[in-house]
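**Student:** Here you go, one structure.
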Amino acid sequence: MKKINLLIATILLVALNACSQNNSKAATAASSENTKVFPGAKPNSYWKSVLSAQAYEILVNKGTERPYSNPYFDNHQKGTYVSAATGKPLFSSDAKYDSGTGWPSFFEPIDAKDIMIVKDVSLGRVREEVVERSTGLHLGHVFNDGPEPTGKRYCMNSYAFKFIPSK
């Protein structure tokens, strides 16, 4: 019984860390207020006035929603995932797949020019953070364990997006 409990605890820890992000405000170039790097960057007070509390926590504070309890991890409708901040189309349901992590996962963005990958050294390890190129707002992380054709897993936060169903 102890082995089963240990196995369950290990699986839960792995699942919670699969896409998690430290909420600390570590200084990085990827700041939603850095207009030198991100032309659409705005003061955090602006984002607070236009985003939901959940979207602000994810996009500006670089938070992570809980796995399996977010709006889009199990969404199977056809459509487009647009930035909750700018409305820019970033990911398509055609590239979405079930990664088993509890977060919406994609094997590629609609246009790689609309996102930027920056180094994230939170949690004592180096990861690749995905931000919206125009604003620097946090979307999630990308990993090299995804399916073909890219081998990438863009592990995104649902609250960073609004879903627009296909007509």
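**Student:** For a quick check: sort ARG153, ARG127 by the number of other beta carbons within 10 angstrom, fewest at the front.
**Tutor:** Numbers: ARG153 23, ARG127 19.
By the 10 Å Cβ count, ascending, the order reads ARG127, ARG153.
**Student:** Can you sort ILE164, ILE110 from fewest to most other Cβ atoms within 10 Å of each residue's own Cβ? Walk me through the numbers on the way to the answer.
**Tutor:** Working: ILE164 14, ILE110 18.
Placing the least packed residue first, the sequence is ILE164, ILE110.
**Student:** Let a ≥ b ≥ c be the square roots of the eigenvalues of the Cα gyration tensor of the stretch 60-167; is it rounded (a/c under 1.5), or, if not, prolate (a/b larger than b/c) or oblate?
**Tutor:** On the way: a/c = 1.35, a/b = 1.22, b/c = 1.11.
Rounded, since a/c falls under 1.5.
**Student:** For LYS152, LYS62, what ranking results if the residue with the fewest other Cβ atoms within 10 Å of its Cβ goes first?
**Tutor:** Details: LYS152 20, LYS62 26.
Listing LYS152, LYS62 from fewest to most nearby Cβ atoms yields LYS152, LYS62.
**Student:** For GLY146, what residues show an amide H to amide H distance below 5 Å, using hydrogens built from the backbone and excluding near sequence neighbours?
**Tutor:** LYS152, ARG153
Values quoted throughout were computed directly from the atomic coordinates according to the rules given, and no laboratory measurement underlies them. These numbers come from a predicted model, not from an experiment. For neighbour counting, all protein chains shown are included, and Cβ atoms are generated from backbone atoms with ideal geometry for every residue, glycine included.
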